[in-house]
Amino acid sequence: MAAVHPQSADGSKAAQADPARALALQAAVTAFFRRRLGADAEVEDLVQEVFVRAADQMGLEDEEYARAYVFRTAASVWADRHRRRLARRADQHVPFDPERHGETDDDPVGRLDARETLRAATAALLTLPERTRTVFVLRRIEGLTVREVAGRLGISGSAVEKHVAKALERLIARTGDLR
């Protein structure tokens with residue numbers, strides 16, 4: 001990369017950069033970022049940004065100075081990346097996972113089926129005796145433990161389990177399936 005100069009001191013056209021030195025410098029800058037990021041896909045983008053920023057200054061004839069300039073630019077790119085990530089709170093982002101966040105494909109039949117199942121389950125839930133419904137809601141919908149439900153309602157743990165089993169039997173009989 002060094003020795004590229006738009007015009008030399010005597011006014012002649014600049015000599016072309018030595019491709020081997022340019023590739024060696026690129027490899028060194030790539031290693032600089034890989035040590036900090038590992039096998040992150042962002043490494044190549046950062047390397048490119050360094051050379052875009054340094055392109056205007058690559059007319060430096062002193063190879064040592066050019067190398068130092070490129071690494072100073074790399075440190076600056078690294079600092080800029082860090083500031084951007086802090087400002088955007090990038091460490092708090094959650095990668096998209098179709099299994100967790102749902103498919104992006106709209107399925108009107110599936111949504112209609114889910115709504116009908118929800119309506120049937122709600123109607124079946126309303127037919128349960130009040131105590132059984134309360135136990136079921138606390139245990140299966142609110143997510144309380146058997147011990148928490150028993151303590152809250154003043155009943156035994158086995159009574160909680162019996163109410164949940166009774167509720168599930170009736171709900172499945174009424175709706176056919178509770179996914």
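We did not get these values from a lab; they are worked out from the coordinates using the rules stated. Just so it is clear, the structure is predicted and the values come from calculations on it, not from any experiment. Here the Cβ is made from the backbone with ideal geometry for all residues, glycine too, and neighbour counts use every protein chain on show.
Arrange the peptides 159-165, 92-98, 77-83 so that the one whose residues have, on average, the most other Cβ atoms within 10 Å appears first.
Ranking the peptides 159-165, 92-98, 77-83 by packing returns 159-165, 77-83, 92-98.
HN-Hα J couplings of the range 121-134 from phi, Karplus 6.51/-1.76/1.60, θ = phi - 60°, integer Hz, Gly and Pro as x? So the Karplus estimates, Gly and Pro as x, are 5, 5, 5, 5, 5, 6, 7, 6, x, 4, 5, 5, 4, 4 Hz.
Find the all-direction average of the projected area of the Cα convex hull for the range 79-179, expressing the result in square nanometres with one decimal place.
With the hull built on Cα positions only, its mean projection is 10.4 nm².
With the simple spin-label model, which puts each label point 7 Å out from Cα in the Cβ direction, the residue 85 to residue 133 separation comes to 5.2 nm. For the pair residue 96 and residue 36, label points projected 7 Å from Cα toward Cβ lie 2.8 nm apart.
How much net charge surrounds residue 27 when only the other residues with a Cβ under 13 Å from the Cβ of residue 27 are counted, with Lys and Arg +1 and Asp and Glu -1?
Spelling it out: positives minus negatives among the neighbours equals +3.
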